[in-house]
Amino acid sequence: MAQVILELQDKNDGELKTFATAHKVAMTGNANFMSPSPTATVYDASLLLFGQKLDAITTAETALAVLRAEKEAARADLVVNLNARGSYVQGAALGNEAKIHSAGFDTKAPPTTTTSLGAPTGVAASGGDQEAEIDLHWDAVKKAKSYAVQCRLHPDNAPPGPWEQVKLSTRSSVTVNGLIPGTVYAFRVQALGANEVVSPWSDEAVGRAT
């Protein structure tokens, strides 16, 4: 037995109005359905009211779009005038902070400089993916611009020699290559900041080259 399918939830407002209007036309004078429920009067009034509200919304949305465009134009004009006022106040106040504030404007905070950096922490070393490599990683240091990595033989292999810089990185990880496979090395990391500010050296990390 055939079943009616409406799928009204899948229709947008315009599609619903078109569907409902087509149904009204199809039912008008249809000898198969002489006593529809709800009645034609009730159904037609419902369809008419929905159409009126839908048209009203369309009209309002069109008007709102116009208003938004006008608002954006007015905003752009106000921004131009505020920028001009900012330039005027800056020139007239001659950099006097109190005078600038009296005009209702804020002032820029003086630039800050990094005076100290903490030593890198969490330094860890592990064998690299390729032969004669060791991978290093550590926790990033706030305000660090780059990192210097130094290396030396670990005392397990020979008396420790001087530290030698082997890498300079802008990231908190590096791969050190060109090592002796199977040899244990010690590493330390230093953070480098702006204005030649440097951190203390990190604790040593030990790793065996692959």
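Each value in this text was obtained by applying a stated rule to the coordinates, not by laboratory testing. Given the structure is predicted, the values throughout are model-derived calculations rather than measurements. Every residue, glycine among them, receives a Cβ derived from its backbone with ideal geometry; neighbour counts consider all protein chains shown.
Basic side chains Lys and Arg get +1 at the Cβ, acidic Asp and Glu get -1 at the Cβ, and with that the dipole of the range 124-208 about its Cα centre reaches some 360 debye. Between VAL197 and THR115, the simple spin-label model (points 7 angstrom out along Cα→Cβ) gives 0.9 nm. Each residue of the range 195-206 is assigned a 3J(HN,Hα), and the resulting list reads 6, 6, 7, 10, 8, x, 6, 6, 5, 6, 10, 10 Hz, derived from the Karplus form 6.51 cos²θ - 1.76 cosθ + 1.60 (θ = phi - 60°), x at Gly and Pro. Distance from the C-alpha centroid of the range 24-73 to that of the range 134-194: 74 Å, rounded to the whole angstrom.
Only alpha carbons enter this Debye calculation for the range 33-83, each as an equal point scatterer, and the log10 of I(q)/I(0) it gives at q = 0.19, 0.25 Å⁻¹ is -0.73, -0.88. For the range 8-89, a simple Cβ point-charge model (Lys and Arg +1, Asp and Glu -1, everything else neutral) yields a dipole of about 160 debye relative to the Cα centre. The share of Cα pairs per 10 Å bin across the range 124-208, counted from zero up to the longest distance, runs 18, 51, 25, 6 percent. From least to most packed, judged by other beta carbons within 10 angstrom and beginning with the fewest, HIS23, HIS137 follow the order HIS23, HIS137. Computed from the C-beta positions of THR175 and LEU64, the FRET efficiency with R₀ = 45 Å rounds to 0.20.
The amide H of ALA125, built 1.01 Å from its N in the peptide plane, has VAL206 as neighbours under 5 Å, considering only residues 5 or more places off or on other chains.
Loop-located chymotrypsin sites (Phe, Trp or Tyr not before Pro) in the range 1-54 (DSSP state not H, G, I, E or B) with no more than 13 neighbouring Cβ atoms inside 10 Å: PHE33. Could you name the lysines in cross-link range of LYS11, using Cα to Cα under 29 Å and dropping any fewer than eight places away on the same chain? Cross-link targets: LYS24, LYS53. Our helix-only sum for the chain, with -39,500 (n - 2.57) per DSSP H run of n ≥ 4 divided by its residues, gives a mean residue ellipticity at 222 nm of -12500 deg cm²/dmol. Taking a ≥ b ≥ c as the square roots of the eigenvalues of the Cα gyration tensor of the chain, is the shape rounded (a/c under 1.5), prolate (a/b larger than b/c) or oblate? Note, shape of the chain comes out oblate.
Rounded to the nearest 20 debye, the dipole size of the range 1-138 about its Cα centre is 920 debye, using +1 on the Cβ of Lys and Arg and -1 on the Cβ of Asp and Glu.
With unit charges on the beta carbon (Lys/Arg positive, Asp/Glu negative), name the residue among VAL206, GLY128, ALA194 whose Cα is farthest towards the positive pole of the charge dipole of the range 124-208. Comparing the listed Cα positions along the dipole, ALA194 ranks first. Any idea which of ALA119, GLN165, PHE19 is furthest toward the positive side of the dipole for the chain, if Lys and Arg beta-carbons carry +1 and Asp and Glu beta-carbons -1? After comparing all options, I get ALA119.
What does DSSP give for the chain in terms of the percent of beta bridges that are antiparallel, rounded to the nearest 5? Percentage antiparallel, nearest 5: 100. Residues in the range 56-64 carry Karplus couplings, in order, of 5, 5, 4, 5, 5, 5, 5, 5, 5 Hz; the curve used is 6.51 cos²θ - 1.76 cosθ + 1.60 with θ = phi - 60°, and Gly or Pro positions show x.
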